[in-house]
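The values are calculated or read from the model by the stated rules, or taken from the named source; none is laboratory data. The model shown is predicted, which means the values in this text are computed figures rather than measured ones. Cβ atoms come from the backbone with ideal geometry, glycine included; neighbour counts cover every protein chain shown. To get the accessible areas, we keep the full protein, side chains included, count just its heavy atoms, and leave off ligands, DNA and RNA. Shrake-Rupley method; radii C 1.70, N 1.55, O 1.52, S 1.80 Å.
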Number of protein chains: 2
Amino acid sequence: MGTVTGKVLPQPTRDEIRVETVLQALADPVRLRMVAELANSAEPIPCGHFDVEVGKSTVTHHVRTLREAGVIEVRQVGTARASTLRKDDLDARFPGLLTGVLSGVD
Amino acid sequence: MGTVTGKVLPQPTRDEIRVETVLQALADPVRLRMVAELANSAEPIPCGHFDVEVGKSTVTHHVRTLREAGVIEVRQVGTARASTLRKDDLDARFPGLLTGVLSGVD
C-alpha cells in the first residue's frame, strides 16, 4: 500500500457498517467490478482510474454509495479523490463475506 | 434435516449461480431475514411460515427471487411449497459469503 494522505471523507465507523447496506452496495455489477479492482490494487485508486465503462458522474455516484456503505475509504488529495477498500473493517464485521464475494467475480 | 419430498421447482444449477444475482437477492431486509431463518431451521420452511411482517403475495415474490438466484431450493409438496437454503451450493461457489452475511444479521 502506498502512502495514503489527505482528508478522509465521512464514512461509517466499523461498528456502524450494516450488512444490508453492504449487500446493496455490492449488488451492482459496476460497483462489484470497482471493488474487485480495489482488492487487486496495492495503491489507492483515483476516481478517474477505475476500469469501468461508465461516465465520470456515474463513477462518482458509485464511489459515494460504496463509501457511505462502509465498503471503501475515500481521501481527498488536492482536487482528486482516491479510494481504498476497507478490507480489515469488512473482514472484522462480516468474516468471509468479502472473500466469498470476490471469489465470484470474473 | 427432515424428509424432503416433492417436486423441486426450477432453479439454477450450482455452476449457474452468479454472485451479482445472489447479492441482489440478499440485499433486501425481508429476504435476508428469511435466509437467516432458513439457516437456523432444521426443517424446510413452508411459504406461509416465515416470521416476517409482509403479506403472503410479498413472501411468494421473495421466495421466487431467492429461488431464481439459487439461494434457496423450493419443493412443491401437495399444495404447499417448502424452502430450504442451498448452503452447500453457496459455500462451494462463494466460500465464506453466506457465513459472513449471516454474521451480520441480528
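Of note:
- From the list B:VAL22, B:VAL30, the lone residue that is under 12 Å from the mean Cα position of the chain (by Cα), facing chain A (nearest Cβ under 8 Å) and not charged (D, E, K, R) is B:VAL22.
- Residue satisfying all of: in the range B:74-92; closer than 26 Å to A:SER103 by Cβ, touching a helix residue (DSSP H, G or I) at 6+ places or on another chain (Cβ under 7 Å) and not hydrophobic (A, V, I, L, M, F, W, C); least open to solvent (accessible area, probe 1.4 Å) among these: B:SER83
- Candidate set: the range B:8-46, residues that are part of a helix (DSSP H, G or I) and charged (D, E, K, R); chosen: the one surrounded by the most Cβ atoms within 10 Å (Cβ to Cβ): B:ARG31
- Single unsatisfied condition, B:GLU53 versus (1) within 14 Å of chain A (Cβ to nearest Cβ); (2) among the charged types (D, E, K, R); (3) part of a loop (DSSP other than H, G, I, E, B): (1)
- Filtered residues of the range B:59-106 (kept if of a type in the set (Gly, Ala, Ser), within 12 Å of chain A (Cβ to nearest Cβ) and within 12 Å of the chain's Cα centre (by Cα)): B:ALA69, B:GLY70
- Pair list, Cβ < 7 Å and 6+ apart or interchain, from the range A:79-106 residues that are in contact (Cβ under 8 Å) with a residue 60 or more places away in the chain to residues that are open to solvent by 20 Å² or more (accessible area, probe 1.4 Å) and β-branched (Val, Ile, Thr): A:THR84/A:VAL4
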